[in-house]
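Written below as structure tokens is the structure these notes are about.
Values in this text are rule-based calculations from the coordinates and carry no lab data. None of these values were measured; they are calculated from a predicted model. Heads up, the Cβs are rebuilt from the backbone with ideal geometry, glycines too, and the neighbour counts pull from every protein chain shown.
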Amino acid sequence: MLTALTLNKKNKIVGGYVIGRYWNFLILEKLENGDYEYFVSKGLDGLYFDDMKKIYIILKAVKHKYCK
């Protein structure tokens with residue numbers, strides 16, 4: 001994500017990763033002083049229905065925001 005942030009000349013990038021059934025979503029932000037700050041969502045387990053609903057909602061929001 002740091003490479004994508006630098007190559008795209010952005011100050012903020014969002015992303016996610018999946019390891020097996022565990023989903024995590026991240027935000028990486030470059031601060032004005034040159035430091036980086038990141039936020040990681042609570043891990044979501046793809047085997048539980050409530051977590052699957054949250055994953056679906058997040059993915060739909062990303063699709064709506066970036067796939068116009």
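Table for the structure above
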read-out: MRE, 222 nm, helices only [DSSP H, n ≥ 4, -39500 (n - 2.57), over the chain, to nearest 500]; value: -11000 deg cm²/dmol
read-out: Mean separation of Cα contacts under 8 Å (6+ apart) over length of the chain, as relative contact order %; value: 20
read-out: Phi to ³J(HN,Hα) by Karplus 6.51 cos²θ - 1.76 cosθ + 1.60 over the stretch 8-18, Hz, x for Gly, Pro; value: 8, 6, 10, 9, 8, 9, 10, x, x, 8, 10
read-out: Formal net charge of residues neighbouring E37 (Cβ-Cβ distance under 9 Å; K, R +1; D, E -1); value: -1
read-out: Mean projected area (nm²) of the alpha-carbon convex hull when the stretch 2-66 is viewed from all directions; value: 5.0
read-out: Residue-wise HN-Hα coupling along the stretch 23-35, computed from phi with Karplus coefficients 6.51, -1.76, 1.60 (Hz; x: Gly, Pro); value: 10, 9, 10, 10, 10, 10, 10, 8, 7, 4, 7, x, 7
